[in-house]
Amino acid sequence: MAGSGVSVTLLAAALLFAGAVLGGEYRPGLLGAPTNIEDADNDEGLQRALQFAMVEYNRASNDMYSSRVVRIISAQKQLVSGIKYIIKVEIGRTTCPKPAADLQSCALHEEPEMAKRDICTFSVYSIPWQNQMKLLKSRCQ
């Protein structure tokens, strides 16, 4: 009987050591926790969510000019009953009056009195298999 106690202790120590050695490598996150999107420019779902967020932002804005994304600062996605995208972007005022059909072809204002840049955080809930999107949060500074 004493030998089995030593075996269990050795097994536990070996498992702890293996966990410490392997812990520096890939470690999956918690199921359902937000995960970073490393290549935001090539994530099709994120790009659709961001385009949707900008349409909603421009629709709600009182500015006579459309705004567009200058750069993506950070992006995450979270698997819920669909996909929740949390996107932090820098946006800028364009030279195109609202409503602009193709924002990417609109130049940004260069004149200091017209140029306006904001940092915005958007949360977009997407259910791709039902072709539905909803803007949950839009906050700009």
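The values are calculated or read from the model by the stated rules, or taken from the named source; none is laboratory data. Please read these numbers as outputs of a predicted model, since none were measured by experiment. Reconstructed Cβ throughout: ideal geometry from the backbone, glycine too, with neighbour counts over all protein chains shown. To get the accessible areas, we keep the full protein, side chains included, count just its heavy atoms, and leave off ligands, DNA and RNA. Shrake-Rupley method; radii C 1.70, N 1.55, O 1.52, S 1.80 Å.
At a glance:
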quantity: 3J(HN,Hα) from dihedral phi, segment 83-96, Karplus parametrisation 6.51/-1.76/1.60, rounded to Hz, x for glycine, proline; calculated: 10, 9, 9, 10, 10, 10, 9, 9, 10, x, 6, 9, 8, 8
quantity: Gain upon complete extension [L30, S105; 0.36 nm per residue less C-alpha separation]; calculated: 23.0 nm
quantity: Hypothetical label at S74: residues of segment 100-141 whose amide nitrogen lies under 16 Å (7 Å Cα-Cβ projection); calculated: 119-124, 139-141
quantity: Accessible-area ranking of L50, L30, L136, L103, largest first, probe 1.4 Å; calculated: L30, L136, L103, L50
quantity: Cα-only radius of gyration and Dmax that characterise segment 61-141, units Å; calculated: 14.4, 45
quantity: Potential lengthening between R48 and C140 on full extension [0.36 nm per residue; Cα-Cα distance subtracted]; calculated: 31.2 nm
quantity: Members of K77/K98; K84/K116; K98/K134; K84/K137 lying beyond 18 Å, as alpha-carbon distances in this model show; calculated: K77/K98; K84/K116; K98/K134
quantity: Proximal charge balance of F122 [Cβ under 13 Å; K/R count +1, D/E count -1]; calculated: +4
quantity: C120 accessible area, assembled protein chains, probe 1.4 Å, Å²; calculated: 0 Å²
quantity: Additional length obtainable on full extension of the chain from D39 to V55, 0.36 nm per residue less Cα span; calculated: 3.5 nm
